[in-house]
1. Please report Rg (one decimal) and Dmax (integer) in Å for the Cα set of the stretch 124-216.
2. Provide Rg and Dmax in Å for the stretch 33-85, with only Cα atoms included in the calculation.
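Read-outs throughout are calculated quantities, based only on the coordinates presented, and are distinct from any laboratory measurement. Note that the structure is predicted; figures quoted are calculated from it, not measured.
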Amino acid sequence: VGDLMRSISLVEYLPKHQVIEELARDYNSNFCTSIEMLTDNIYLGSENFANLFILRHHADAPSEEARVRLDTIGEYHLGEMINTMKLGSLVMPSSSGGTSNAKSDNKSKSDKSESNAIEVAVGSQTLFGTVDGTIGSIMGLGGSTFAFLGCLQRAIFAIVRPVGDLSHERHRHYEADGRVRPSRGFIDGDLVECFLDLNRPTMERIVKWMNEDGRWRIRDDGSGVSSQSQQNLMDTEEDDTSDSPAQNSLTVEDVLTAVEEISMLH
C-alpha cells in the first residue's frame, strides 16, 4: 500500500477475521506517486521528487524489529515524476525464459575458454508512465549481469566526457527534501546503451578500463555485495557458478554483444 506521506506499507488480509494487518512499513517519509510489487518481498516505488526507490522485506529475519521494517536497497533519480507502473514488457517474451547468452550454444568448450560469454539474466519487467508522457521499462537483473553492467557504467563515467562537463553520475543521485545520496541498486540503461554509438577507440578504452577494474567478474546483488548466499536484487534465477563464463579479459565484441542483447529486451 502506498501512502502520500508515509511511503509504502506491507499489509496482509486475514479472511478469517476479515481484517487487514500491517506486517511491515518503510519508516522514511516518501510522497508516493506509484508503487509496484516486483516479488513477494521486493517492492518498487516512485515519489514526487522524480526518484525511484526499492524496498525489501526480511520476512525471515530473526528479530521482530527487522521483520516490521522495509529496508531501502535501491535509490535512483529518474528526472520525471512517475504516475503509473505495471508489470509487463513491450516486447514478446523469448523462449529462453529471460536469459540470453552472448555466445551461440553450438560452440565447443575449448572455444568458450578463449572468450567471455556475458550472460544477460533478467527477472521482473515493469513498465512505467510519467506525467511528461514518457514510457519506460525497468528490468530486474541477476547478480552477474548487474556486476557486468555496473562496471560498464562506471567505465563510461570515467572515459566519456559528458556534454558541458555536467556529471551524469551526479544527475542520477537520489535527491529529496535536502537529502542527497549516490544512486545505488540501479543501472542507467540509456547510458549503457550509448556504448553502441561510440567510436572504436573509445570502446577499446572503456573495455580496457573494465578489465583493469575487474569487478565485472564479481556477482553483485545490487548493493555492491558479492556473495552466493545473497539474494539477487530482483530475484532472478541464474545458473550455478561452476558453469560460469571464462575469466579472461573482455573484448570489445563481448561487450557489444551483451549490450545489443540488453537493447533488444525492451
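1. 14.6, 42
2. Gyration radius and largest Cα-Cα distance of the stretch 33-85: 12.4, 38 Å.
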